[in-house]
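Report on the following structure.
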Amino acid sequence: DARVTQTPRHKVTEMGQEVTMRCQPILGHNTVFWYRQTMMQGLELLAYFRNRAPLDDSGMPKDRFSAEMPDATLATLKIQPSEPRDSAVYFCASGLDKADTQYFGPGTRLTVL
Amino acid sequence: DQQVKQNSPSLSVQEGRISILNCDYTNSMFDYFLWYKKYPAEGPTFLISISSIKDKNEDGRFTVFLNKSAKHLSLHIVPSQPGDSAVYFCAASSPGYSTLTFGKGTMLLVSP
């Protein structure tokens, strides 16, 4: 049963701390997406990778957010320093290029106090 | 400026009746449209899609209709079941792009 996995599922931290969220895409998928879900904005695309290369991170606040794919089985999203306005659910999704359908992980619920 | 809009934040329907969820878009370059379903504490899951060359796609109880001239699509669920209670997201993509643009979602509640 191929699924996208994300860790941690929940994270509570204090303002100013570094937060790292991890994602394991479905084996064989070559596109990875990071989304943020908030009540106000819905699902916003933060970053997008194809074959591990970042193609679009225009949705990400560059001064504090960074996204990487150290290898094909791991994608990371870091926030440093974190702020209360970063509180949201962060989803990772993977897919096959040009297939349009994306498969989402269960999300990481981040609370920054 | 939102390119994909779901103007109804919520919808309540009785079991057995039809649920109609609506979505409007502004980008005329969009050529592929999807509906995702999301339960609490889970990620969105793909439900049904439609290409712009069609005006209808059906999968069991779920049918998506596309009106390109009106830049409008809708998802019909017939008959609605309590297990359909979830948030439904409309999404769209452009040719050559792998990214999806999502609406804010509509929460559907189907009561017994």
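The values are calculated or read from the model by the stated rules, or taken from the named source; none is laboratory data. As the structure is a computational prediction, the values presented were derived from the model and not from experiment. When we count neighbours, we look across all protein chains shown, and the Cβ atoms used for this are built from the backbone with ideal geometry, even at glycine.
Values for this structure:
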quantity	calculated
Matching residues in region A:8-23 - criterion: being touching a residue at least 60 places away in the same chain (Cβ under 8 Å) and either buried (at least 17 other Cβ atoms within 10 Å of the Cβ) or farther than 11 Å from A:Gly107 by Cβ (or both)	A:Lys11, A:Val12, A:Thr13, A:Glu14, A:Met15, A:Gly16, A:Gln17, A:Glu18, A:Val19, A:Met21, A:Cys23
Among the residues listed as B:Leu75, B:Leu109, B:Leu66, the single one being part of a strand (DSSP E or B), more than 29 Å from A:Val32 (Cβ to Cβ) and modelled with pLDDT of 95 or more	B:Leu109
Only one of A:Leu46, A:Leu110 that is outside any loop (DSSP other than H, G, I, E, B), under 28 Å from B:Lys37 (Cβ atoms), among the aliphatic types (A, V, I, L, M) and within 13 Å of another protein chain (Cβ to nearest Cβ)	A:Leu46
Residues located in region B:27-41, provided they are surrounded by 14 or more Cβ atoms within 10 Å (Cβ to Cβ) and either at the interface with chain A (Cβ under 9 Å from one of its Cβ atoms) or touching a Leu at 6+ places or on another chain (Cβ under 8 Å) (or both)	B:Tyr32, B:Phe33, B:Leu34, B:Trp35, B:Tyr36, B:Lys37, B:Lys38
Restricting region A:34-67 to residues that are basic (Lys, Arg) and under 19 Å from A:Gln80 (Cα atoms), the residue that is surrounded by the most Cβ atoms within 10 Å (Cβ to Cβ)	A:Arg36
Selection count where residues are within 8 Å of another protein chain (Cβ to nearest Cβ) and assigned to a strand (DSSP E or B), scope region A:87-107	5
